Every structure is written in C-alpha cells, then in structure tokens.
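Student: Dumping the structure here so I can ask a few things about it.
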Amino acid sequence: MNNQKCSTLYQKPGGRTRIIQCIYVVGFMDLFGVSMIIPLLSHHVKALGASPTVAGVVGSTYGILQLFSSTIVGSWSDVVGRRYSLLTCLLLSALGYGLLGMSSSIALFVLARIPVGLFKHSLSICRALLSDLVSEAERPLVMGHFNAASSVGFILGPVVGGYLTEHEGGFYTSSFTCAVIFLANAGLVLMLPWSETLIHRKDTNSNNSNNDTSIGCHDSNCRKSVHNGSHATSHRPVSPAETEPGSRAAPRWREVSLLQPAWRQLSSVGSKIHTVASSDMWDLFLVRLLMAIAIMLYYSNFSLAMEERFSLTPKVTGYLISYSSTLGALAGFLVGPVTQLYGNNMAALLLHSTLLTCLLIFLYAAAPSVAQVLVSSTFFAISTSIGRTCITDLELQRGGVQASGTLIGAGQSVTAVGRVLAPLLSGLAQEFSPCGPPSLGVLLALAAVGLLLVRIPKWDGRGRTKKNQNAE
C-alpha cells in the first residue's frame, strides 16, 4: 500500500469558496426562519383549543420524527448527493411551514409538523457538504464559522417573529415568511456553482501508512466530483485496511445515483447505517449523549431558577440569555485558532472543553450571586461551542468524509434522544431543588469526562481505537 494520506486540492478554488460562503448564508437563513416560529408554536396550539396534555403530545411529534429520520436522511445524502438531498429537505420543509401558516385546526397543525419533522435536516446536510469541500485541517475552522452564522440567525429570528406577532394574524405571517425563506434557500442551493468544484485528493504522508484510516481515497490518482454534491468516486482501489477481516472502521462506501431504483437507494442507506451502528464509535456517541443532556439540564429551568434564587425579573433573565447566546455565536470564530493552538489534537481539546463545561455547570449550580452566574455563562457559551465542533470533527475523522451525512445524522439522532430525556430528568430533579437540574448535569458531565479519560489513551491521532489500527 502506498504511504499516502488523503488531503484536498481544488482545481477551481473560486467555485469552492462561493459554495462555502453560500452555505453560510443558507445556515443563517435556516435558523433565522425557524427561530421566528419556535417561540410561537405553544401559544398557537393553545389558541387552537388544545389542552396542556394534547399540546405536549403535539409538541413532541417533531422531536420523535427527528429522532428516527436524522440518520436516515443523512445517509440518503451520502447516497444520492448533497445537492439533491439538500434541495429535497428545503422544499419539503417549506411545504411544512406553508401548511403551518394555514393550520386552523389541531389536525392540520400536526399534519404540517410531519414534513418538517421528517426533512428538516438541511443544517446537517450543509455540515456534511462543508466536510466534503474542505481538508481535515480546515474543517474545524469552517464548521466553526458555519455554526456562528447559524447561531446569529437563531438570535435575530425571535426578534422579527415577535414583531410580526404583534400584528393581526402574526403567527400565520411568520409561518409564511419562514416558508418563503426556505424557498429562497432552495433557490440559492440550486444556483450554486456545483460544476466548478472538482476535488483532487492527492497528497503524500511519509509517516505511517496505518494512519490512513479515514473512509476516503487511498490512491494518489483518486478524484471526486461534486457537481451535484455527491461522492462520485472514480478509480478508487480497495485498501488492505478495508478488506482485513474484523476491520470495521474503514469500509468502502458505494455511491448510488438519484436515478437508481428506490430499492437500491434504500439498500445503500441501510448498508451505511449498519456500518456506523456496528462500528467502534459508541464512546463518541455516548459522550455526545451525556453532554447533550447535561447542557440541556443547564438551560432547562434557567429562567425559573434565576427568579427563585436571585429574584431576577424575566426581562433581566432574557438579557442574560441573549448575552450568553451572542457569545456562543461569536465563539464559533474561536474554534479555528483554538484548534491550531492544540495542534489539531481534537481528542485533547474535547477532553478539556468537556472538563471546563462540567466545572462551569457546577459553578452555576453553586453560584451565590448573579455575578458568578454571569461569569459561568460567559465561558459556558464558549466551551460548549468548541465542544460541539470537536465531537463532530472526531466522528468525521473516525468514520471518514464519505460517510459524513450518515455520521452527522447519527449524531443528531443521539442529540434528539437527549432532548427527549432532558425534560423528564429536569422535572424529577426540580422536585428536590431549583439547583437540581444543573447538579444532575454536573454528574453526567463528570461521567463524560471519566469516559474520555478511559478511552482517549486507546485512540490514535485520528480518534480511532489503536487495537483496530494495529489489527490492520
């Protein structure tokens, strides 16, 4: 086997740069439109005459659908390509928000949430596309910028949605506006210069051929065309690492055209999901789940805890939340420099950010004053932003960019499990104290830190377990 490591050179970097910049815009507009609607959903359901129980069941519909569809749609984007899958998700999401703008009954409201729950995975596909377009060294920087752009949209959206709601029929106006935004995003994606981006994977690594473990190219002449966002790999031999019995971390991903029969697409999707499910990535997904629940517990009763512990008014608490959210958005720009400071050692960075997050949740739970809450919130926004990028990058390192849609979708499914469990755990913890939810979050974050301390020594520089690497 040649001692070669895949990196990325671009014949037409101008086209690639335009796509990346447009994807930033898509991410901003996506969360801008969604955040216009989210604060208004519960009020609209109650206005339709739903009881609190029915409103809760209806509200959980979206999360349940996301839980099961994230991995499937992400894997489908690996099969048919980013362009077609992203367009499909944007158009069907626009349909869902358009139906939401016409929902005059609970039944129509639930119907409108179904296409959104099933296909609102545009951000995940955008992240997968970005991972296709950039090298491994560039990925944390680009992902950080994308997260920052999306977060800014999430901050500004409620302001516009709240303004529209003050007028008659404000919810319906906001819903139709959101649908128009998604249609505009679809138009932007359609006009992207896909044909101008041709990825060459051609680089030499003289250190150790065993480090070439990502699911990608193992040949200096390997080329990937992304004119419709797929990994249409030409001239790619199978490496020994892929054929060695017992090796699960470097499978060969097959590409299927959108024009292929549906059964073949489903077969490929199932094969990709099975490969990820049977891999040795359980430790990364478990860390993601533990930290997702811990972070959600931190925010779960924040407003109520501030009122009970420090007698803060909702207005002041809102300012504090906005301050933290703004810092979280800006922290996306710190990911690249911090990653370079760590020498692209994402495992060490993940451990330190997780440990810092655990400490900050503890400081918030034990805070004797608002000043300490403010300090903990400041660094908490930064540490969580860096931690999210780290865990995603490690998943992509271990699984490889040709499985990026499946991996990112699987990660979103794990996070969706956290969204289901966090409210239940928060309610139980609040029975004991207003500080109960963050205190439980500290325990979960400590468990994540302990897991990382045990598992990181068993990883190589790319987040893979050393025993699998040595077996190859």
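Every number in this text was worked out from the coordinates using simple rules, so none of it is lab data. This one's a predicted model, so the numbers in the text were calculated from it and none came from an experiment. Every residue, glycine as well, gets a Cβ built from its backbone with ideal geometry; the counts of neighbours run over all protein chains shown.
Student: In 10 Å bins starting at zero, report the fraction of Cα pairs in the stretch 121-177 per bin as a rounded %.
Tutor: 21, 34, 24, 17, 5, 0
Student: Turning to a different aspect of this structure: Tell me the Kirkwood hydrodynamic radius of the stretch 14-196 in angstroms, computed as one over the mean inverse distance between distinct C-alpha pairs.
Tutor: Evaluated over the stretch 14-196, this radius sits at 16.9 Å.
Student: Would you grab the residues whose amide H sits under 5 Å from the one on TRP459? Only those 5+ places off in sequence or on another chain, please, with H modelled 1.01 Å from N.
Tutor: Here the answer is LYS466, since their amide H atoms fall under 5 Å of that of TRP459.
Student: Something else now. At LEU108 and ALA47, where each label point lies 7 Å from the Cα along Cα→Cβ, what is the point-to-point distance in nanometres?
Tutor: Roughly 1.3 nm, to one decimal.
Student: Along the charge dipole of the stretch 271-461, which of MET296, LEU396, LEU428 sits closest to the positive end, that is, farthest toward it, with unit charges on the beta carbon of Lys, Arg, Asp and Glu (+1, +1, -1, -1)?
Tutor: Of the listed residues, the answer is LEU396.
Student: Okay, next question. Taking a spot 7 Å from the Cα of THR173 along the direction of its beta carbon, which residues of the stretch 28-71 have an amide N less than 16 Å from it?
Tutor: Counting only backbone N, you get 36-37, 40.
Student: On to the next question. Which ³J(HN,Hα) values in Hz, rounded to whole numbers, follow from the phi angles of the stretch 98-106 under the Karplus curve 6.51 cos²θ - 1.76 cosθ + 1.60, where θ = phi - 60° and Gly and Pro get x?
Tutor: With the stated coefficients, the stretch 98-106 comes to x, 4, 4, x, 10, 6, 10, 8, 5 Hz.
Student: Given 0.36 nm per residue, what is the gain on full extension from LEU334 to ARG309 after removing their alpha carbon distance, in nm?
Tutor: Taking 0.36 nm per residue and subtracting the Cα distance, the gain is 5.8 nm.
Student: While we're here: Would you mind computing Rg(Cα) / (2.2 N^0.38 Å) for the stretch 271-461, counting N as its residues?
Tutor: 1.05
Student: On full extension of the chain, what length is gained from LEU374 through GLU166, given 0.36 nm per residue of separation minus the C-alpha to C-alpha distance? Don't jump to the answer; show the numbers that get you there.
Tutor: Details: separation 208, 0.36 × 208 = 74.88 nm, distance 3.12 nm.
Answer, rounded to one decimal: 71.8 nm.
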